[in-house]
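**Q** Can you read through this structure? Questions will come right after.
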Amino acid sequence: MDQAWTTVRQLADGVPLREALGGRDSAECWVALDLAVRWLSPEDLPVHAPRGGPSLRWDWNATLPTFRRARERAAEPEPATAIALCHPDGRIREAALDRVSRYPDLLPLLVVRCADWAAPVRDRARALLAEAPPAALVAQAELILLLGRRGQGVFAVELLGRALREGPAEALPPLLASADRATRRFAHRIAVERGLLPPLRLARIAARSGDVVLQDLCAEAALRQSDDKDVLDVLLAARPPRVRAAGVTALRRAGRFEEARAHLTDRSAVVRACARYVVRQGGTDPLPLYRALCTGESVAPGAAAGLGECGDRKEDAGTLWALVRHPDPAVRAQAVNGLRALDAVRRESLTPLLDDPSPAVVRAATRALLPHAAEFPGPWLRERDTPESPRAVRVAARRLLRAAGRPCAG
């Protein structure tokens, strides 16, 4: 807000808009500028007056208009028009709209006025924005989408959507790579609607994006268009679990049931669940596969978790208890998670894991033991909540104390 106030003060002093902005022209800057004008003193604000004849000044904090001596006025310069477009008085904002066409740099403020709370201002601004060329709308996409969160901001969003759907495809690539998340999402939705992105590219976007909305949008669009091996392989190797899950589920439609077995031990529970579904659709029960995967020296952590997710408490709890002593801490942690899923937790047997050298195992044991927190002696837990204890041990002690409704140490 301090930057916006500095910009407004410079505009009031007649500094050209671009110079006053100092290269700051993000969507947030324009919204902040609109708000900052309201803090100007009445002497710095434009008046509501005809070009000649008697004039009245409506100060934003005045109950009655102030008489002003008539004088011929020159055309409003750009800085004054910018301030007038943000004036607290709606009549001045509305009058300033007709001067926007003289100053292309003021288009963002025209977009702001399309979401104005005053209907006359809003309607006039919308009529003018509807006449703007599509390229001008695309250039203001970030601001339009930011204002679209307001109650009156839908109009400009619809104009932008129409411009992108009906305009040249070349307008979309810059928006697809925008630094603004809302702009990227909007552009990708329209690109998918128009079929501008091939399946392999969609799969790669889903696999590389850190945005869960784009992950879902692009993965689903890629699979609607194609289930070719190249597309599925990209999805199956993706880092985001939801993208891998989409790829695993698509194996069923592609008839590649056997390949789902490799994902039964995935590190993500949702991917493992999808893999079990596809394996069953192929006519195979995944439980015997998990039992086989949990025997021997080489056990994947996901195998222990998967056995707990679909196993039988009477038959499989013993296997998981054996894995609790596995040398790999990841396997130990997932074995504890599997026991919790099977409801086969025994407090006495899991308590030693609260001192496990692996923080992941300590966390897993703590989660499993929370329902039994009241069974732990309070003094014993408080003794563990000391600066000398490892951090994971201290956190575990505090969680168990809170779960039991007891005060923590210190």
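**Q** Among the residues of segment 250-278, count how many are acidic (Asp, Glu) and assigned to a helix (DSSP H, G or I).
**A** Counting residues in segment 250-278 that are acidic (Asp, Glu) and assigned to a helix (DSSP H, G or I) gives 2.
For every residue, the table says whether it meets (1) touching a Leu at 6+ places or on another chain (Cβ under 6 Å); (2) touching a residue at least 24 places away in the same chain (Cβ under 8 Å); (3) farther than 21 Å from Ser26 by Cα.
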residue: Cys114; (1), (2), (3): yes, yes, no
residue: Ala127; (1), (2), (3): no, no, yes
residue: Arg201; (1), (2), (3): no, no, yes
residue: Val213; (1), (2), (3): no, yes, yes
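**Q** Moving on to the next point. Considering only residues that are touching an Asp or Glu at 6+ places or on another chain (Cβ under 9 Å) and among the basic types (Lys, Arg), which ones fall in segment 185-241?
**A** The one that is touching an Asp or Glu at 6+ places or on another chain (Cβ under 9 Å) and among the basic types (Lys, Arg): Arg185.
**Q** Hey, among Arg382, Arg367, Arg402, Arg340, which residue is crowded, with 18+ Cβ neighbours inside 10 Å, part of a helix (DSSP H, G or I), out of contact with any Pro (no Cβ under 8 Å at 6 or more places or on another chain) and among the charged types (D, E, K, R)?
**A** Working: Arg382 fails: crowded, with 18+ Cβ neighbours inside 10 Å; Arg367 fails: crowded, with 18+ Cβ neighbours inside 10 Å; Arg402 fails: crowded, with 18+ Cβ neighbours inside 10 Å.
Matching residue, one of Arg382, Arg367, Arg402, Arg340: Arg340.
**Q** Suppose we filter segment 4-27 for residues that are over 14 Å from Pro79 (Cβ atoms) and either touching an Asp or Glu at 6+ places or on another chain (Cβ under 8 Å) or surrounded by 14 or more Cβ atoms within 10 Å (Cβ to Cβ) (or both); how many remain?
**A** 6
**Q** Do any helices (runs of 4 or more DSSP H) lying entirely in segment 125-236 carry at least 3 residues that are over 21 Å from the mean Cα position of the chain (by Cα), and which ones are they? Steps first, answer last, please.
**A** Details: elements: 134-139, 141-147, 154-166, 172-176, 181-194, 199-208, 212-225, 229-236.
Per the criteria, 134-139, 154-166, 199-208, 212-225, 229-236.
**Q** Still on this structure, please answer the following. Considering only segment 367-377, I want to know if a residue exists there that is free of Cβ contacts under 8 Å to residues at least 60 places away in the same chain and either more than 21 Å from Asn337 (Cα to Cα) or among the acidic types (Asp, Glu) (or both).
**A** Narrowing segment 367-377 to residues free of Cβ contacts under 8 Å to residues at least 60 places away in the same chain: 367-377.
Checking the rest, the ones that are also either more than 21 Å from Asn337 (Cα to Cα) or among the acidic types (Asp, Glu) (or both) come to 375, 377.
Looking for residues that are free of Cβ contacts under 8 Å to residues at least 60 places away in the same chain and either more than 21 Å from Asn337 (Cα to Cα) or among the acidic types (Asp, Glu) (or both), one finds at least one in segment 367-377, hence yes.
**Q** Taking the options Pro77, Pro104, Pro108, Pro133, name whichever one is out of contact with any helix residue (DSSP H, G or I) (no Cβ under 7 Å at 6 or more places or on another chain) and in contact (Cβ under 8 Å) with a residue 60 or more places away in the chain.
**A** Testing whether each residue is out of contact with any helix residue (DSSP H, G or I) (no Cβ under 7 Å at 6 or more places or on another chain) and in contact (Cβ under 8 Å) with a residue 60 or more places away in the chain leaves just Pro77.
**Q** Looking only at segment 17-30, count every residue that is within 27 Å of the chain's Cα centre (by Cα) and either modelled with pLDDT under 85 or farther than 15 Å from Thr183 by Cβ (or both) and tell me the total.
**A** 4
**Q** For segment 312-324, give me each residue that is over 40 Å from the mean Cα position of the chain (by Cα) and either of a type in the set (S, T, N, Q) or assigned to a loop (DSSP other than H, G, I, E, B) (or both).
**A** Thr319
The values are calculated or read from the model by the stated rules, or taken from the named source; none is laboratory data. Given the structure is predicted, the values throughout are model-derived calculations rather than measurements. FYI the Cβ positions are ideal-geometry reconstructions off the backbone, even for glycines, and counts take in every protein chain you see.
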